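Shown next, in structure tokens, is the structure this report addresses.
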Amino acid sequence: MAFVQPVTLRERGVRLEPLALSHEAGLAAAAADGELWKLRITSVPEPQDTRAYIETALQMREEGHRFAFAVVEDATGRVLGSTSYHDILPAVRRVEIGWTWYAKSVQRSHVNTTAKLLMMGHAFDTLQCHVVGWRTDNFNFASQRAIERLGAKKDGVIRGHAPRRDGTIRDTVMYSMRAGEWPEARAQLLYLLGRYATA
């Protein structure tokens, strides 16, 4: 049995459901909102590559390495983006959260904070993970700030670690959170979501 089982998570109008081929049109529309594939530091698929992107995610799910979600607006069914558990290591009860991107129109909203609350809660409370990790491009400063706002600790930088979409080689900044740090992080996420609700 796979460590990460299919599950749908929902909170505050945001729904995370297992990514499927039926999300192709919605995912392409989300990527087109801001032409996100033009950013060299992201993994957002170009419109013609959306189906292959989903097929790759499904193959990685079969292999037990990655479990991708579509991030959906609960009330309308509009696809807002995607996020995943990846580098899943059942033997040490560790997952990473990544492959995360959202339509430009919902960036800097409650969507990412809500999705992280759902994924971290599921990882720590249901899967009983000891550690949740994140990684990002050394030049993706917005992503680094967002991860740090979650309460994750910077583990270090792996130099010359992975190719970018433009062929250059990136350094990867690694972060993690241990299970004992989750209650305080959850309180902070709920505080931030409370601020969104009153803004």
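Read the figures in this text as sums done on the coordinates, not as results from a lab. Bear in mind the structure is a predicted one, so any value in this text is a computation, not a measurement. Don't worry about glycine lacking a Cβ; one is built from the backbone with ideal geometry, like all the others, and counts go over all protein chains shown.
Going by neighbour counts of Cβ atoms within 10 Å, the residues 105, 82, 143, 176 line up, fewest first, as 105, 176, 143, 82. Note on residue 157 and residue 105: their simple-model spin labels are 3.7 nm apart, each label 7 Å out from Cα toward Cβ.
Were the residues from residue 29 through residue 172 laid out at 0.36 nm apart, the gain over their Cα-Cα distance would be 48.6 nm.
For residue 58 and residue 195, a Förster radius of 45 Å and the Cβ-Cβ distance give a FRET efficiency of 0.80, rounded to the nearest 0.05. From helices alone, the chain scores -9500 deg cm²/dmol at 222 nm; the rule is -39500 (n - 2.57) for each run of n ≥ 4 DSSP H residues, then divide by the residue total. Placing a pseudo-label 7 Å from each Cα along the Cα-to-Cβ vector at residue 20 and residue 130 gives an inter-label distance of 3.6 nm. Arranged from fewest to most other beta-carbon atoms within 10 Å of their beta carbon, 189, 89 become 89, 189.
Counting other Cβ atoms within 10 Å, which chymotrypsin sites (Phe, Trp or Tyr not before Pro) in the stretch 122-192 have at most 16 and lie in a DSSP loop? The qualifying sites are 139. Charges were assigned to the Cβ only: +1 to each Lys and Arg, -1 to each Asp and Glu. The resulting dipole of the chain about its Cα centre is roughly 560 debye.
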